1. Please go through the range 1-91 and write out the GluC sites (Glu not before Pro) that DSSP classes as loop and that have at most 14 other C-beta atoms within 10 Å.
2. Cα centroid distance between the range 287-356 and the range 208-286, in Å?
3. Which net charge results for the neighbourhood of Leu281, defined as the other residues with beta-carbon distances under 14 angstrom from its beta-carbon, given Lys and Arg at +1 and Asp and Glu at -1?
4. Please list the non-local residues whose amide H lies under 5 Å from the amide H of Val116, H modeled 1.01 Å from N, same-chain partners needing a gap of 5 or more.
5. Please determine, in degrees from 0 to 90 and to the nearest 10, the orientation of helix 280-293 with respect to the longest principal axis defined by the Cα atoms of the chain, where the helix direction is its Cα long axis.
6. Considering only DSSP states other than H, G, I, E and B, which trypsin sites (Lys or Arg not before Pro) in the range 119-148 qualify as loop sites with at most 11 other Cβ atoms within 10 Å?
7. At R0 = 22 Å, how high is the FRET efficiency between Arg89 and Phe210 if r is their beta carbon distance? Nearest 0.05 is fine.
8. Hey, with R₀ at 35 Å, roughly what FRET efficiency would Asp69 and Asn290 work out to, going by the Cβ-Cβ distance, to 0.05?
Amino acid sequence: MKIAVIGVGYVGLVTGVTLSDIGHVVTCIDVDPAKIVKLNQGIPTIYEPGLGALLQKNIEVERLYFTADHKKGLEGAEVVYIAVGTPQREDGAANLDYVEQAARDIAANINRGIIVVIKSTVPVGTNVHIKNLINQNTIDGVRVQIASNPEFLREGSAIKDTFHGDRIVIGTEDKETADILEEINKPFNVPILKTDIASSEMIKYSSNAFLATKISFINEIANLCESLGANVEEVARGMGLDHRIGPDFLRAGIGYGGSCFPKDTNALVQLAGNARHEFNLLESVIEVNNNQQVLLIDKIMSRFGTIENKKVAVLGLAFKPKTDDLRESPSLVMIPRLAELGANIIAYDPIAVPNARKHLSTAIEYTESLDEALRDTDFAVIITDWPEVKTIDLSAFSKLMRTPVVFDGRNCYSLDAVKKSAVEYYSIGRPSHT
Ligand code: UGA
């Protein structure tokens with residue numbers, strides 16, 4: 001199949017590279033010429049394990065191309081994927097400007113009926129709207145078919161998730177389109193669910209909202225465990241053994257972040273509101289998360305009273321390990337709060353420091369060395385459970401810090417190990433060690 005992918009952001013690039021890897025000839029199109037130059041040289045523009053090797057391999061065998069020219073990129077394409085961003089608008093709804101622009105670019109550059117697939121996360125009703133927009137703007141009355149094909153990839157394991165996913169969802173009202181897309185996706189060897197368009201659009205939002213709900217639920221349980229003297233890890237283990245609940249996404253912590261959960265939960269609340277439906281449950285999930293992201297501040301203040309001029313090591317900036325992505329990371333609310341309270345901050349992250357310098361306006365010191373971050377500090381706050389942080393010898397805290405007081409937002413260490421160390425330790429939903 002000859003395929004075009006519009007947008008080489010996270011979703012588009014992974015989609016283009018993996019579709020070419022299973023044998024299709026793929027041209028990725030993006031308006032950013034600098035990205036195109038890099039990608040044509042086989043240099044990945046995002047941090048994603050395994051992506052670079054597949055990129056180079058498929059460029060070499062001439063199955064993968066990149067261009068900033070829509071006409072050239074769409075020439076001869078039988079299927080076009082739209083994978084541009086749908087950022088959050090101020091009112092919480094998804095901004096569809098880029099999707100609509102991609103639709104107009106498709107309409108202006110095709111001369112025969114093709115299949116348009118929307119990969120971007122879009123509100124229910126968008127696929128039909130985009131199909132109409134394209135069909136109203138094509139030359140010579142050319143008509144396209146549309147399909148919704150949401151992505152379920154996690155940052156940091158996107159390549160693995162593509163080849164070992166739980167399902168591929170194809171939403172379309174046209175049987176032939178469904179069959180063609182099923183054929184395209186077959187080599188991934190992942191179960192395929194064919195459904196109507198609205199349900200497919202809804203599956204994406206509902207899945208992310210449900211996962212976010214699981215996290216906020218366990219975080220509420222964690223906070224309750226602290227008051228009642230239970231240990232949330234034991235509780236989650238006991239709950240997860242029930243196959244109806246399952247063990248995943250029950251890790252209590254400093255709250256979820258990233259480019260998806262916060263944006264998609266807000267968009268679903270908006271979508272519900274537009275349909276005159278109050279999604280109270282999801283609104284609470286969001287509120288619990290907002291509180292969870294700053295929960296450690298209360299613990300820090302009740303331990304120290306004041307942190308004016310105290311030196312604090314912030315361990316981890318990214319919203320989760322194995323990514324340099326800072327979007328909606330708890331670090332973005334924790335660091336300004338610590339600074340407001342007068343702390344002097346040194347922040348460590350193995351790869352997200354360059355991004356943090358760009359996006360975090362608070363004046364702080366940065367380091368890519370864990371030891372340097374801890375040296376002579378009064379306390380440490382763990383925001384990201386990087387392997388480097390999780391596997392540190394706990395004696396490093398007492399050796400390097402002025403006072404080894406650790407506030408762990410990711411429950412990185414076993415309480416047994418902590419008890420054997422000289423660390424004063426506060427975590428989430430577990431007894432403190434003082
Ligand atoms: C999420 C979903 O997991 C993907 O299925 C989905 O495709 C993607 O959003 C998307 O819509 O594009 P991602 O944001 O990359 O993927 O990251 P996750 O691994 O799901 O983690 C999200 C956040 O939840 C992180 O901040 C993580 O630390 C937190 N989390 C996760 C917890 O606090 N506890 C858990 O048990 C699991």
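Here, each number is a calculation from the coordinates, and none is a lab measurement. Treat the numbers as computed from the prediction; the structure is a model and nothing was measured. Every residue, glycine among them, receives a Cβ derived from its backbone with ideal geometry; neighbour counts consider all protein chains shown.
1. Sparse-neighbourhood loop GluC sites (Glu not before Pro): Glu62, Glu90.
2. Spelled out, the Cα-based centre of one part sits 21 Å from the other.
3. -3
4. Under 5 Å from the amide H of Val116 lie the amide H atoms of Val80, Gln145, Ile146, Ala147, each far enough along the sequence or on another chain.
5. The helix 280-293 is inclined about 50 degrees to the chain.
6. Answer in residue order: Arg143.
7. Working: r = 23 Å, r/R0 = 1.06.
Once the sixth-power term is evaluated, E becomes 0.40.
8. Working: r = 43 Å, r/R0 = 1.23.
Rounded to the nearest 0.05, the efficiency is 0.20.
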